[in-house]
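Since the structure comes first, as structure tokens, the remarks are kept for the end.
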């Protein structure tokens, strides 16, 4: 270090009364200490210091270097805190992604060990839609073009019964997630709607001809929680109509 007296900055830079509470002053020689103790604070011109931060180095030895060292330490500490926050968020996100993958793996292994015939389950979505509500949902699905083909009330009912004769292909995974999450938040379907869709294998993904997985739906749900998908207001309009039935 160019100035050994500045070595105390790393430990004491947070002190409000740094000059006297740290070892900086004691590290100065007799002449330097005399200059600090005799300096008249009333003569300090901040504008001159801003214009030239070494302006007072003759009257206050190492003053500009001292200020720089304190600022660097504070900024370094700030960066450490920010890096810590970023790393913590990355760990959390990684844990969530890992948990989702593990959950999917567990589901897959369970399906292999004991096949689940979804069509034989009793109300897998735990829904109780009236005929009128099924018609509302059908209109909603068709207006937002949720699937690559239009659906009839019968198909909509069979979808929620997980008893389709065939499969539907998603036209927008985020809109599908928005609709299902909206129904779940209002108590129309189970909290396990992602797993139910994944197990039923009745809805194919938008970009691939394979059934949507829980990971696909979880990703789509994360996306809509960050930004509402185009067409969300149409879904909200129909969801409100369900209450009137």
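The values are calculated or read from the model by the stated rules, or taken from the named source; none is laboratory data. In this text the structure is predicted, and so the values were computed from the model without any measurement. Positions of Cβ are backbone-derived with ideal geometry, glycine not excepted, and every protein chain shown enters the neighbour counts.
Here are a few things to note about the model shown:
- Residue within segment 220-229 that is assigned to a loop (DSSP other than H, G, I, E, B) and within 21 Å of residue 169 (Cβ to Cβ) present: yes
- Here segment 206-219 is the region considered, the condition is being in a loop (DSSP other than H, G, I, E, B) and modelled with pLDDT of 90 or more, and the residue that is nearest to the chain's Cα centre (by Cα) is 213.
- The single condition among (1) modelled with pLDDT under 80; (2) assigned to a helix (DSSP H, G or I); (3) out of contact with any helix residue (DSSP H, G or I) (no Cβ under 6 Å at 6 or more places or on another chain) that residue 14 does not meet is (2).
- Of residues in segment 127-151 being more than 19 Å from residue 234 (Cβ to Cβ) and loosely packed, with under 15 Cβ neighbours inside 10 Å, the one nearest to the chain's Cα centre (by Cα): 128
- Matching residues in segment 223-238 - criterion: being free of Cβ contacts under 8 Å to residues at least 60 places away in the same chain and closer than 14 Å to residue 180 by Cβ: 223, 224, 225, 229, 232, 236
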